[in-house]
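What follows draws every value from the coordinates through simple rules; no lab data is involved. Owing to the predicted nature of the structure, the values given are computational and were not obtained by experimental measurement. Note that we place each Cβ from the backbone using ideal geometry, even for glycine, and neighbour counts take in every protein chain shown.
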Amino acid sequence: MSTMFNASEVLQFAIKIEENGEEFYRNMAVKIDKDSIKNTFNFLADEEVKHREIFKEMISRVENYRPAESFPGEYFQYLRSYADEHIFTKAKTMKLKMEEINSALEAIRFAIEMELDSVHYYTEAKSLIPDSQRKTIDKIIEEERRHYLKLIEAKKVA
């Protein structure tokens, strides 16, 4: 039996990604002593808040949209599995990981993984969003890519 859900639920997953990211960055900004890394994490936390607000606003405008599929629910089932494995599992392990992280470099490495997971999720989710809102998702994907690059730069000084 396939799990059916709609575009607003896809956006709810996106909101959860952003909440997880903000929590991680805020906690690491407190934990890390190096000012440049602390500033990077605070900046990224603020960015996650902006993204979360964009997704919340998008939820209010979503249309009933169904992507082309081989069988009913195929794409939603895939995305639900991805969300369960990478978003919600990562949320559970993130709290443990935050306790284990003892250096800026470890924090940055974990953050890089989170940003890449976000890019992947949003890229996949884009086809489930109405055409009228895909440019917004593209902008967020581009911002997540910039976050990745910002973390790569921070890694060089960590």
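Exposure proxy check: Leu116, Leu128 ranked by fewest other beta carbons within 10 Å?
Lowest to highest Cβ neighbour count: Leu116, Leu128.
Met98 to Ile59: extension gain in nm, 0.36 nm per residue of separation minus the Cα-Cα distance?
11.0 nm
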